[in-house]
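Participant: Handing you this structure, nothing more for now.
Every number in this text was worked out from the coordinates using simple rules, so none of it is lab data. Owing to the predicted nature of the structure, the values given are computational and were not obtained by experimental measurement. When we count neighbours, we look across all protein chains shown, and the Cβ atoms used for this are built from the backbone with ideal geometry, even at glycine.
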Amino acid sequence: MAKKNKKKSKKKEYAKLNSVNLGISGGIIAGTCVFLTTLSAIFGWFSQYTQWATSVIEAVYGFAGYGVSLQGLILGTIYGFMEVFIALLIFGFIYNKLTK
């Protein structure tokens with residue numbers, strides 16, 4: 001009796017991303033970065049870095065009320081979280097659709 005050679009399909013399988021968890025983790029990192037940068041600017045720590053970094057953050061979020069203040073600290077943290085959360089949520093969704 002002859003053995004039949006069964007060829008297995010060698011289709012690569014990719015791991016699925018949990019889009020929500022990816023978005024939350026990236027949002028926490030981004031929000032924390034904006035929070036620490038604004039906090040450093042308020043207290044005058046690392047003045048050369050914070051002057052440059054807060055000018056970049058003000059260029060992005062300035063229209064929405066961000067500034068180097070307590071209000072800006074809270075708003076910037078929320079905006080940083082939301083922006084990266086949405087971006088990574090979309091990225092994870094697209095990645096999962098393309099790797100089916």
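Participant: Every residue in segment 67-100 that is β-branched (Val, Ile, Thr), closer than 17 Å to Ser40 by Cβ and out of contact with any helix residue (DSSP H, G or I) (no Cβ under 7 Å at 6 or more places or on another chain), please. Spell out the reasoning first.
Facilitator: If we filter segment 67-100 for residues that are β-branched (Val, Ile, Thr), which is where we start, we get 68, 74, 77-78, 84, 86, 90, 94, 99.
Next cut, closer than 17 Å to Ser40 by Cβ only: 68, 74, 77.
Result: Ile74, single match.
Participant: So the check is Cβ under 6 Å with 6+ separation or different chains; which pairs have a first residue in segment 72-100 that's more than 21 Å from Ala53 (Cα to Cα) and a second one that's among the hydroxyl-bearing types (Ser, Thr, Tyr)?
Facilitator: Leu89/Ser19; Gly92/Ser19; Phe93/Ser19; Thr99/Tyr14
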